[in-house]
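Q: Here it is, the structure, as structure tokens.
The values are calculated or read from the model by the stated rules, or taken from the named source; none is laboratory data. All values derive from a computational prediction rather than experimental measurement. Neighbour counts run over all protein chains shown; Cβ positions are idealised from the backbone, glycine included.
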Amino acid sequence: PASAADLLMVGPLLPELVADLESRYRVHRLWEAEDPAALLREHGGAIRGIATSGRFGATRELIGALPALEGIFSFGVGYDTIDVAAAKARNVVVTNTPGVLDACVADTALALMLAVSRRIAEADRFVRAGRWPAEGFGLGTRMSGKRCGIVGLGNIGLQIARRAQAFDMEILYTNRKPREDAPTSYRYCPDVVTLAAQSDYLVLAVPGGAATRHMVNAQVLDALGPDGWLINIARGTVVDEAALVPALQQKRIAGAGLDVFEHEPATPAEFNGMDNVVLLPHIASGTHETRRAMADLMRSNLDSWFREGQVHTRVV
Ligand code: 8YV
């Protein structure tokens, strides 16, 4: 029975979700433990599930410390911080929350595209600083009708493309392979450099992890060029931040709209003085509606597993 299962919660999740899980499972809070190793020694043998998120993940070491582990249930679609290979080797099921966050993440991508190229955040700072009566603000760059290059045409990438089409943008994309079910007007590029060279906005929507690490490097940024905008709602690791900082400083690209960072929550101090960047604290899925839907899906995966030995959205 579900009430008998011990769960290890790696970090704080949505308070309503935590309260609900605590009412029905024996939840052990790893992040609050004074001595995490002692907690694992004492309860590790009983723990059957890990409740985590893309932010907190689940390491090989943690998985190894839990001999009775059956499943890892993650809040979020990205699972690059979960050692899926270690889980697979132990026959541990891994679930995420795909689908329910696509719309809000895509909304945020479009918001960043407009914010950075139309200088929305900068204009807001200008008005607040009382500069309007005495100074002119200057001009922004048009977004409508431009070329939108999407890196990774998955569920989120497709939602970004649909929204960009409403702005009369031309859609280009790169992906491991062309998507047969994509509208025929979407133009496939075989690699990210070719895509960047033909895009006004390069929008990242690929998963994180080793396969995409530093996919956007100095060569890609230079292909994007001084009139190109980089938008990242994917993972900070996809961009070589050490290459991005000088590219922005030297205006080798026009600007960047970033929701994620390589070492978040730390962000490069150089960004703070730049007006051609818009910085968000990883909020792309952060609406009441979407976070509630993510919590519902995660909870439903957990409950189905402990009731019926089945899950809805399995990663592997
Ligand atoms: C979450 C995310 O904020 O779904 C993802 O992959 O990055 C976000 O939706 C994150 O998972 C919470 O840690």
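Q: Looking at the range 286-301, can you tell me whether even one residue there is touching a residue at least 40 places away in the same chain (Cβ under 8 Å) and assigned to a loop (DSSP other than H, G, I, E, B)?
A: Yes.
Q: Surrounded by 17 or more Cβ atoms within 10 Å (Cβ to Cβ) and over 18 Å from the mean Cα position of the chain (by Cα): does that describe Phe261?
A: no
Q: List the pairs whose first member sits in the range 48-63 and is more than 23 Å from Glu262 (Cα to Cα), whose second member is at pLDDT 95 or above and of a type in the set (Val, Ile, Thr), and whose Cβ atoms are under 7 Å apart, counting only residues at least 6 apart or on separate chains?
A: What qualifies is Ile50/Val10; Ile50/Ile72; Ile63/Val92.
Q: I'd like to check something: does the range 195-214 contain any residue that is in a loop (DSSP other than H, G, I, E, B) and free of Cβ contacts under 8 Å to residues at least 24 places away in the same chain?
A: For the range 195-214, residues in a loop (DSSP other than H, G, I, E, B) and free of Cβ contacts under 8 Å to residues at least 24 places away in the same chain: absent.
Q: Considering only residues that are of a type outside the set (A, V, I, L, M, F, W, C) and surrounded by 19 or more Cβ atoms within 10 Å (Cβ to Cβ), look in the range 63-75 and name the one that is nearest to Val311 (Cα to Cα).
A: Gly71
Q: When you scan the range 31-49, do you find a residue that is among the β-branched types (Val, Ile, Thr) and closer than 21 Å to Leu101 by Cα, even just one?
A: There is no residue in the range 31-49 that is among the β-branched types (Val, Ile, Thr) and closer than 21 Å to Leu101 by Cα.
Q: Among the residues of the range 245-262, write down those that are more than 16 Å from the ligand (Cβ to nearest atom), part of a loop (DSSP other than H, G, I, E, B) and more than 14 Å from Leu202 (Cβ to Cβ).
A: Hits for the range 245-262 are Gln250, Lys251.
Q: Considering only the range 77-93, I want to know if a residue exists there that is within 12 Å of the ligand (Cβ to nearest atom), among the hydroxyl-bearing types (Ser, Thr, Tyr) and outside any strand (DSSP E or B).
A: Within the range 77-93 (the criterion being within 12 Å of the ligand (Cβ to nearest atom), among the hydroxyl-bearing types (Ser, Thr, Tyr) and outside any strand (DSSP E or B)), the answer is yes, since at least one residue qualifies.
Q: Taking the options Thr184, Thr212, name whichever one is in contact with a helix residue (DSSP H, G or I) (Cβ under 8 Å, 6 or more places away or on another chain) and either over 24 Å from Gly99 (Cβ atoms) or hydroxyl-bearing (Ser, Thr, Tyr) (or both).
A: From the options Thr184, Thr212, the qualifying one is Thr212.
Q: Being of a type outside the set (A, V, I, L, M, F, W, C) and either over 22 Å from Val93 (Cα atoms) or surrounded by fewer than 16 Cβ atoms within 10 Å (Cβ to Cβ) (or both) narrows it down to one residue among Arg24, Arg60, Arg55, Arg48; which is it? Spell out how you get there, then give the answer.
A: Details: Arg24 fails: either over 22 Å from Val93 (Cα atoms) or surrounded by fewer than 16 Cβ atoms within 10 Å (Cβ to Cβ) (or both); Arg55 fails: either over 22 Å from Val93 (Cα atoms) or surrounded by fewer than 16 Cβ atoms within 10 Å (Cβ to Cβ) (or both); Arg48 fails: either over 22 Å from Val93 (Cα atoms) or surrounded by fewer than 16 Cβ atoms within 10 Å (Cβ to Cβ) (or both).
Result: Arg60 is the single residue among Arg24, Arg60, Arg55, Arg48 that is of a type outside the set (A, V, I, L, M, F, W, C) and either over 22 Å from Val93 (Cα atoms) or surrounded by fewer than 16 Cβ atoms within 10 Å (Cβ to Cβ) (or both).
Q: Identify the single condition in (1) in contact (Cβ under 8 Å) with a residue 24 or more places away in the chain; (2) away from the ligand (no atom under 12 Å from the Cβ) that Pro67 does not satisfy, given that it satisfies every other one.
A: The single condition Pro67 does not satisfy is (1).
Q: Could we say that Ile231 is part of a strand (DSSP E or B), under 26 Å from Gly99 (Cα atoms), in contact (Cβ under 8 Å) with a residue 60 or more places away in the chain and touching an Asp or Glu at 6+ places or on another chain (Cβ under 9 Å) here?
A: When the stated conditions are applied, Ile231 passes them.
Q: Restricting attention to the range 280-302, which residues are more than 11 Å from the ligand (Cβ to nearest atom) and surrounded by fewer than 17 Cβ atoms within 10 Å (Cβ to Cβ)?
A: His288, Glu289, Arg292, Asp296, Ser300
Q: Further question on the same structure: Kindly evaluate Ala65 against the criterion of being under 30 Å from Thr174 (Cα atoms) and modelled with pLDDT of 95 or more. Please lay out each step first, then the result.
A: Details: under 30 Å from Thr174 (Cα atoms): no; modelled with pLDDT of 95 or more: yes.
Judged against the criteria, Ala65 is not a match.
Matching residues to (1) surrounded by 15 or more Cβ atoms within 10 Å (Cβ to Cβ); (2) modelled with pLDDT under 95; (3) out of contact with any helix residue (DSSP H, G or I) (no Cβ under 6 Å at 6 or more places or on another chain):
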{"site": "Val92", "(1), (2), (3)": "yes, no, yes"}
{"site": "Cys104", "(1), (2), (3)": "yes, no, no"}
{"site": "Glu122", "(1), (2), (3)": "yes, no, yes"}
{"site": "Lys146", "(1), (2), (3)": "yes, no, yes"}
{"site": "Gly149", "(1), (2), (3)": "yes, no, no"}
{"site": "Gln159", "(1), (2), (3)": "yes, no, no"}
{"site": "Arg162", "(1), (2), (3)": "no, no, yes"}
{"site": "Gln165", "(1), (2), (3)": "yes, no, yes"}
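Q: Restricting to the range 278-312, what's the tally of residues that are under 18 Å from the mean Cα position of the chain (by Cα), β-branched (Val, Ile, Thr) and over 16 Å from Leu17 (Cβ atoms)?
A: 2
Q: Being surrounded by fewer than 20 Cβ atoms within 10 Å (Cβ to Cβ), farther than 26 Å from Val84 by Cα and of a type in the set (A, V, I, L, M) is true for just one of Leu230, Leu195, Leu139, Leu221. Which residue is that?
A: When all the criteria are applied, what remains is Leu139.
Q: Let me ask something else about it. What is the number of the single condition among (1) over 22 Å from Arg118 (Cα atoms); (2) among the β-branched types (Val, Ile, Thr); (3) more than 17 Å from the chain's Cα centre (by Cα) that Thr212 does not meet?
A: Condition not satisfied by Thr212: (3).
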